[in-house]
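Readers should treat all values here as calculations from the given coordinates under stated rules, not as data from a laboratory. Note that the coordinates shown come from a computational prediction; the quantities given were computed from them, not determined experimentally. Here the Cβ positions follow ideal geometry from the backbone for every residue, glycine too, while neighbour counts run over all protein chains shown.
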Amino acid sequence: MASDDPSDRMLLGRVGGGDATALEELYRRYSKPVGAFLYRMSWDRELAEDCLQEAFLRVWRSARNFRGESKVATWIFQIAKNHWLNVREKQSRHAGKLEVAGAARAEALEAPTEPPQAIESKELGAKVRAAIDDLDESHRMVFVLAHYEGMRYREIGEVLGVPVGTVKSRMAASERKLRNALAHYLDAEVVR
Amino acid sequence: MNCTQVADELLAARRGESERQSEVYAHLNDCPKCRELADRMGRSLALLDSVGDFEPSERPWDGIRRALASEGAIPPKRLTRGRFDLHKRLPSTFKYVAAVVAAAAAVALLVHSRTPWKERQVVASAGTSGNIHVSLASEGSWELLPPGGLLRSGDRVATTRRGAGQMRLSSGVSVDLNSGTVLELFDPSYLYMHTGEVYVVARPGTGFTVQTESAKVRVTGTRFTVLAERGSTRVTVVEGSVEIRNAKGHVTVSAGQAASVDKGKAPRAPVATDPAKAIGWTLEPEPKISLALSGSRVRQGSKLTAEVTVVNPKAEPMSIYAPGGVQPFYMFRITGPRRGSSWVQQASPVRSASTARDPQAATISIDPGSRHSFKCSLPKLTAAPGEYTVSAIYYAYRAEDAPEWLWTGTIESSPVKVEVTEAR
């Protein structure tokens, strides 16, 4: 993950003072990774964008409460994670088990506009997503932050509020489970 | 450390987060089983890289701005609306130009953006002829990739029903795509082909796998084609041999043979075939290159003259296209008795005008059946006496910021030996 840019703290200080251009700069720096994290948790672009918007509004409203104990980026991820957990809890309360895998698969299967030939329905990308989907929420969060966002275990521990050892074991278990799920594609060891 | 402990610690070690880093690697050095596990883990992580790229639209920021405006933090501003409907009102030529510009911009952004966040690995570049379209596995839209454009792990690559394309992988393997091909790239030695036909050229010693719905085709340095359609796969081998394997069995196909396999069935026994027919569609024939040196013995510290001859074996003019910002070169690889290889660079003497689409581009053209020779001098061989080998490489280029593997030639002559004797 990015080193703690001192200008991040300056920007957050300005956000706390009500400077919207500083929020815009923070958004420019972190909307992509935070959005990608939310997308990989939800596999739903619209929902990920809604959560991203809400997370940055919370950054705006609570910038004064930042105590400087972690990196600014870690703090923003914490806010996004907490908001995601709230959204998810609400959804599952109302709609039973959240059905996100279906949306992900439908999206992966969208026909390309050009070139016109149909993609085989057995889309590999969809299988990879389905494998990630099958991880427990807590494991998936660790895996997404570590593998896709490139965060260190220690930082993930800060975002999720769990010890480093827990992060490490969740990560190893997730990787093993995903590797087993994708075994079909991995039998292609290179002959050397 | 034993194998179980290594298995537990391997992922952290790969990430540089293990406290027993050096012990893990020491064990890997000695244990082929754990090395296999590490290899499999790398493959699995590369597969996982292929999904979930996300670029937020303008919508969240518009929402934030609206909320901020309603709080009085910023003056209300007219939000851009209906922007995405614009293209519906434009004639199709504009759409095409806009698409090309957008594709070029997207590629430029891909190459030059320096985000601190993890990027997908660059595994290939688009070839110098033909047209390939690229799409992220997670996206629905396709873009035409300019020659030399970079392809990343997880990219889906396709050709149109009438077009063909070419790409070069960072493993040095080149792949021609016949029309109507769709495949996914995962790492430099593995691709998954949904449908279509590919012609693969892998240099000796380079392992490569093509996976289709019905079988897995593994090679170590060879030339072959794979045709996949409706659950059936046909493999024709031009040079070397390949192994076709699936859950039901495996066969080895040698040069001049072809074999097919249907989904869920064992591969059929190979039959003799004319491989020339199977590669009739491929894009650029390989130019042949030969090298002659002014002598086979030189005294230490003296120069050598090299004569390079390039032959176009095909019936049409052959042009090699170098995209803008990229320079074509001849290279010489000189391997000595003690050090590794050293390289000598020679600017290409054959260079024609740029193209309309890319004014920076350069093209090397060679008429059908013609041979082109030029002479140049190699530097003084001042290193230790002994046996050296020299080879010429036809086309090499380096784009600024391009990954190091692009800095290699595509066609290399057979090595020529030269003996360097002691200076008097």
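Which whole number gives the average count of other chain Cβ atoms within 10 Å of the Cβ atoms across peptide A:175-186? Walk me through the numbers before you get to the answer.
Values: counts 7, 5, 0, 4, 9, 1, 1, 6, 2, 3, 9, 9.
Mean shielding count: 5.
Listing B:61, B:281, A:43 from fewest to most neighbouring C-beta atoms within 10 Å gives B:281, B:61, A:43. Remark: spin-label model distance residue A:134-residue B:2 equals 2.9 nm, labels positioned 7 Å along the Cα→Cβ axis.
Each of residue B:302 and residue A:70 was given a label point 7 Å from its Cα along the Cα-to-Cβ line. The distance between the two points is 7.2 nm. Projected onto its three principal axes, the C-alpha set of region B:3-48 covers 27, 23, 15 Å, listed from the longest axis down. Computed on region B:3-48, with alpha-carbon pairs under 8 angstrom and 6+ residues apart, the relative contact order is 32 percent. Between the amide H of residue B:299 and those of B:421, distances stay under 5 Å, these residues lying 5 or more places away or on another chain, with hydrogens modeled in the peptide plane. Each of B:244, B:289, B:279 has some number of other Cβ atoms within 10 Å of its Cβ, and from fewest to most they run B:279, B:289, B:244.
With Rh defined as the Kirkwood radius, the inverse of the mean 1/r over Cα pairs, the Rg/Rh of region B:121-265 is 0.95. Counting only other chain Cβ atoms within 10 Å of each residue's Cβ, the peptide B:150-162 averages 2. In this label model, residue B:35 and residue B:70 are separated by 6.3 nm, measuring between points 7 Å along each Cα→Cβ vector.
Quick one: B:233, B:195, B:273, fewest Cβ neighbours within 10 Å first, how do they rank? Kindly include the intermediate steps, with their values, before the conclusion.
On the way: B:233 25, B:195 20, B:273 16.
Fewest-to-most Cβ neighbours within 10 Å comes out as B:273, B:195, B:233.
For region A:27-89, the list of GluC sites (Glu not before Pro) that fall in a loop by DSSP and count at most 16 other C-beta atoms within 10 angstrom reads A:69. Each Lys or Arg adds one and each Asp or Glu takes one away; over the other residues whose Cβ falls under 14 Å from the Cβ of residue B:225, this sums to -2.
If R₀ is 56 angstrom, what is the calculated FRET efficiency for the pair residue B:387 and residue B:272, using the beta carbon separation as r and rounding to 0.05? Computed FRET efficiency for residue B:387 and residue B:272: 0.85.
In loop segments of region B:162-257 as defined by DSSP, the trypsin sites (Lys or Arg not before Pro) with at most 11 further C-beta atoms inside 10 Å of their C-beta are B:162, B:230.
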